[in-house]
Each structure stands twice: as structure tokens, then as C-alpha cells.
Amino acid sequence: MRVIIADSQYLVREGLKSLLKYINGITDVEEVQNNIELHSVLSVSKSLDLVIIDFDNHAFNARDIQYIKSSFNQAKIIAITPNLNKHTILQAIKNGVDSYLLKECDKKEVMDAIKATIKGEQFYCGKIVETVLNDEDVSIKDIALMSCEPVLLSEREIEVVKLIASGLTNQEMAEQLYLSGHTVNTHRKNIMKKLEVRNTAGIIMYAIKEKLIETGV
């Protein structure tokens, strides 16, 4: 797999490179410090699997996300930025960001996000979800991925949805619910089928829409 780290800060790039060494399948990691370097690299690239980018600084911007997707529409994009307002986060997702983290996220969360994104899933850290919920300047309908049709979930399935939206892994949910990992995975598959979504992000957005996530407001 080929990965580009797009960040103006040397220490951030070095930190991400050190994490990528522990992920199987990643064989080619390239760094760019600004969008001029990014566009130059993309113009001569034949393949690209993943871009990790901080688009909210002087070196990169939201248009670079669109450029990446237009050049390699199958490439996955993880945004790792300081905390931004809801409008900026939603616009980045609309432009093509697949997963979104904050620079304050810990090693495990970054690793989980990279692994999930590589597998085709979407990953949002808890504070990103809170920002989307707590900021009033853009309606939540802007990220509604669900239809308006009612969905009937069992009490157990609703419990699983809440835990998924809280960021728990299948194993952590199994331990908390005193279930086997297989049973939890079956619940997850059934939930995705009922909601007609293909990934964890769809489940999270359902939890947001139905106000199943505790936000403290």
C-alpha cells in the first residue's frame, strides 16, 4: 500500500511514519510539506491508497482534498487537524474525507482509525462527533445518511449501537455485555442490514440522528 502524509509539521510527519511501520501491508510512505509538493507528487503517481492530511493550515486546504479524490477516487483520506467548527468538519467530509481525528488523539485511536480506513470503514473520534452535535451553526441534516423511514431495532441492538458510537471495539463490547465476540459481530451485521448502511460511520450517524449518544448538553 502507498501512503502520503501531508502535514507542514516535521514532528507530526515523523510520528505518523513511526505508527505506519506497525501496520501490515504499507510498503511506501511519502511525506509532503505543502500543497505544491502534494500536487507534484500526485501528478506523477500511478497509484495511491491512503492520504493522511491536516488541511486546515497555511500549507493545505479543503480544495486539496477534492484534488486528491479527483486524481485517485479510490484513495482513502484521513484528516487529522486541531479541533474545528462543525461547518468545516462537515465540508471536509463532503469533499471526500473518509475518517476524521484530532491531533490530540492518542496512539491507539490513530492506529484504529488507520486500520479501519484501510479496510474501507469510516472512523470519527469522539470529540469530532461531539463537535458536530454541539455546534448549532449547521443542521445535523447536512450529514444525515439515513432515510426517513422508521427502523425497528431491538433493545439489545440499540445498546450495541450506543457502544459502537462510543468507539468500543467488538471485543470491548463483548466484555461489557457479557456476550461472545461472535454474537456481538452478528448484532453488528444485523444492525447494518436493518439500517441499510455499509460501515461503522453509518451506524454512528444513525446514533446521532436518533440522539442515542450522550453529549452532556
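The values are calculated or read from the model by the stated rules, or taken from the named source; none is laboratory data. Note that the structure is predicted; figures quoted are calculated from it, not measured. Positions of Cβ are generated from backbone atoms using ideal geometry, with glycine treated the same way; all protein chains shown enter the neighbour counts.
With respect to the conditions (1) outside any loop (DSSP other than H, G, I, E, B); (2) surrounded by fewer than 17 Cβ atoms within 10 Å (Cβ to Cβ); (3) in contact (Cβ under 8 Å) with a residue 12 or more places away in the chain, L42 lacks only one, and its number is (2).
Restricting attention to region 1-39, the residues that are closer than 18 Å to E109 by Cβ, in contact (Cβ under 8 Å) with a residue 24 or more places away in the chain and part of a helix (DSSP H, G or I) total 4. How many residues are surrounded by 18 or more Cβ atoms within 10 Å (Cβ to Cβ) and not in a strand (DSSP E or B) when one looks only at region 89-104? Matching residues across region 89-104 total 8. Within region 109-121, restricting attention to residues that are farther than 19 Å from N83 by Cβ and either among the polar types (S, T, N, Q) or in contact with a Ser or Thr (Cβ under 6 Å, 6 or more places away or on another chain) (or both), the residue that is modelled with the lowest pLDDT is E121.
Could you tell me which of the residues K76, K86 is at negative phi, modelled with pLDDT of 90 or more, buried (at least 16 other Cβ atoms within 10 Å of the Cβ) and of a type in the set (K, R)? None of the others qualify; the one that does is K76.
From the list V51, V110, V129, the one residue that fits, being buried (at least 17 other Cβ atoms within 10 Å of the Cβ), touching a residue at least 40 places away in the same chain (Cβ under 8 Å) and not in a helix (DSSP H, G or I), is V51. Just one residue in the set A6, A92, A79, A75 is in the same structural domain as E109 (by TED's automatic domain parsing) and more than 16 Å from the chain's Cα centre (by Cα); that residue is A6.
Filtering region 31-41 for residues that are more than 21 Å from the chain's Cα centre (by Cα) and among the small types (G, A, S) leaves a non-empty set. Out of V197, V184, one residue alone is modelled with pLDDT of 90 or more and buried (at least 16 other Cβ atoms within 10 Å of the Cβ). It is V184. Return the pair list, or none, for Cβ contacts closer than 7 Å from residues in region 58-82 that are touching a residue at least 60 places away in the same chain (Cβ under 8 Å) to residues that are assigned to a strand (DSSP E or B), at least 6 apart or on different chains. If the second residue must be assigned to a strand (DSSP E or B), the pairs left are I80/I52; I80/L101.
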